[in-house]
Amino acid sequence: RRPWGVVIPVRSGTGAKTRLSTLPAPARAAIALAFARDTLDAALACSEVAGVIVVADPAAHDALDGTAIVRAHDPGTGLNGALVAGAALVPHGSGVVALMSDLPALTADELALALRLAREHARSFVCDSEGIGTTLLASTEPAALGPHFGERSRAAHAVSGAVEIDDPALVRLRRDVDSEVALWDARRLGVGPATAAAIT
């Protein structure tokens, strides 16, 4: 069984999570980093994950310090460029997983289930709760990750040949948080400790 290297892109600063519009910019920035902290901790605790690469700017790396991660500089070419840069650092012989950083309800066990299912395909993905976006993209070959994140990424990944992993048990993995309603739903599922502290 090939191990998985997980690449997590993290955006920090006052431009993060602008759709949480009822919150001031500093609060949104803190919450975005809390989401990333809980997502990262779930990945680090996952039995299927051999290592985690965080692609971010220096400020985000400093905020997430103290974890067993590989730091990668964000090349400034957008989300897909960041993921390709991170995938290039995954060791030979490992598969690669692009995991969004705004999954505060994610657990290590649920991520492990998704990655076991991903082993059945060369490239695969999990869509978000709205059925439009993507929260996870996996490839057994790092060079073949082929990320197409952005508007309607679920359709873009399907067209690119990736197989959708559609398991009803992956409810937490589908629950990315881009809005007030999504945050409420994540809290209903149960968020990690960093997010819980940030939103009290």
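Things to note:
- Across segment 94-184, the volume of the C-alpha convex hull divided among the residues equals 90 Å³ per residue.
- Principal-axis analysis of the Cα atoms of the chain puts helix 108-118 at an angle of about 30° to the longest axis.
- Distance from the alpha carbon centroid of segment 135-200 to that of segment 7-77 works out to 14 angstrom.
- Packing, as the average of other Cβ atoms within 10 Å across residues, places the peptides 122-132, 160-170, 99-109 in the order 99-109, 122-132, 160-170, highest first.
- Computed from Cα atoms, the angle from the helix 78-87 axis to the main principal axis of the chain rounds to 50 degrees.
- Against the chain, whose longest principal axis is taken from its Cα atoms, helix 25-44 shows a tilt of about 40°.
- Share of alpha-carbon pairs per 5 Å distance bin for segment 1-145, given as whole %: 2, 11, 20, 24, 21, 14, 6, 2, 1, 0
- Calculated [θ] (222 nm, deg cm²/dmol) that DSSP helices of n ≥ 4 give over the chain, each run adding -39,500 (n - 2.57): -10500 deg cm²/dmol
Values in this text are rule-based calculations from the coordinates and carry no lab data. On a predicted model such as this, the values are computed, not experimentally measured, just so you know. When we count neighbours, we look across all protein chains shown, and the Cβ atoms used for this are built from the backbone with ideal geometry, even at glycine.
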